[in-house]
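Some notes on the structure that comes next.
The values are calculated or read from the model by the stated rules, or taken from the named source; none is laboratory data. Note that the coordinates shown come from a computational prediction; the quantities given were computed from them, not determined experimentally. A quick note on method: Cβ atoms are made from the backbone with ideal geometry, for glycine too, and the neighbour counts reach across all protein chains shown. In case anyone asks, the SASA skips ligands and DNA or RNA and just uses the protein heavy atoms, side chains included. Shrake-Rupley method; radii C 1.70, N 1.55, O 1.52, S 1.80 Å.
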Amino acid sequence: EFTKAVEAYGQAASAGQTEQAAAAALQTLCLACEEAERNPSPEILLAEQARTCEERGAWAEAESVYRKLLAMAEGSNEPIHSKYGRISKVQLDLGRLFLLQGDFAKARESAVAATAAARITELSPLLIWALEREAYCALRLNDLPGAQAAATEGVWIVEPGPLWDGFRARSWVARARCHVAAGNYNLAEQDLISSQP
């Protein structure tokens with residue numbers, strides 16, 4: 001049932017059927033949530049614990065939990081794409097925690113690690129998210145060439161078709177931010193115009 005819902009989403013999105021795609025995406029999400037509630041994995045329980053720590057502002061405890069999740073992902077015997085997908089996701093979560101604390105250097109380290117893991121998965125949405133985070137962190141650290149390189153790669157790896165429109169728009173906006181930081185306002189405007197459709 002879950003696989004059918006995912007396939008229905010892909011078909012509807014590719015055909016430009018927005019309402020059907022949204023309904024299929026919601027069904028996919030509901031099915032995944034129901035399964036997670038029925039049979040929570042140790043990873044899900046730890047992820048909930050980390051979020052609770054973040055809500056309380058217990059940063060060190062949250063980091064410790066994310067490090068446990070990272071160790072579990074790195075030590076798993078899952079297929080390589082699943083394993084590195086989990087590693088990338090945990091690195092993104094860990095980086096978000098560092099961003100909340102204002103530690104942009106550590107956030108960038110996590111973003112770079114998330115990008116490296118995402119490359120192994122060959123999952124372009126995950127790679128685009130990681131590159132966007134990497135570009136944002138580089139900007140916060142005033143590394144304009146690094147930010148530009150990550151954002152530009154994000155723009156070029158987005159796949160064609162309506163299914164990827166949201167990713168495409170985010171990538172153009174991320175690169176526009178880099179252009180603004182470099183004072184290249186005309187290039188920024190061009191990227192923002194490209195993101196609009």
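Springs between alpha-carbon pairs under 10 angstrom, Gaussian network model over the chain: which of Arg51, Arg96, Arg175 fluctuates most? Largest GNM mean-square fluctuation: Arg51.
Evaluated with a Cβ-only charge set (Lys, Arg +1; Asp, Glu -1), region 111-190 carries a dipole of roughly 160 debye about its Cα centre, given to the nearest 20.
For the chain, modelled as a Gaussian network with Cα springs under 10 Å, which listed residue fluctuates most, Gln148, Gln20, Gln91? Its mean-square fluctuation being the largest, the pick is Gln20. Rounded to the nearest 10 square angstrom, Ser14 shows an accessible area of 70 square angstrom against a 1.4 Å probe. Counting lysine pairs in the chain that sit 8 or more residues apart in sequence, or on different chains, and whose Cα atoms lie under 18 Å apart gives 4.
Summarise the accessible area of region 51-197 (1.4 Å probe, protein heavy atoms) by the percent that is carbon and sulfur. Reported share for carbon and sulfur atoms: 56 percent. Straightening the chain between Asn39 and Asn184 buys 47.1 nm, computed as 0.36 nm per residue apart minus the Cα-Cα spacing. Largest GNM mean-square fluctuation across Arg170, Arg140, Arg38, computed for the chain with C-alpha springs under 10 Å, falls on Arg38. Think of it as helices only: each DSSP H run of n ≥ 4 in the chain is worth -39500 (n - 2.57), and spread over all residues that comes to -27500 deg cm²/dmol at 222 nm.
Using a cutoff of 8 angstrom between alpha carbon atoms and counting only pairs six or more residues apart, the relative contact order for region 116-179 works out to 34 percent. What the Cα convex hull of the chain gives, in volume per residue, is 130 Å³.
Rolling a 1.4 Å probe across the protein heavy atoms gives the chain an accessible surface of 56 Å² per residue.
For the chain, a crude dipole built from +1 on the beta carbon of Lys and Arg and -1 on the beta carbon of Asp and Glu, taken about the Cα centre, is about 400 debye to the nearest 20.
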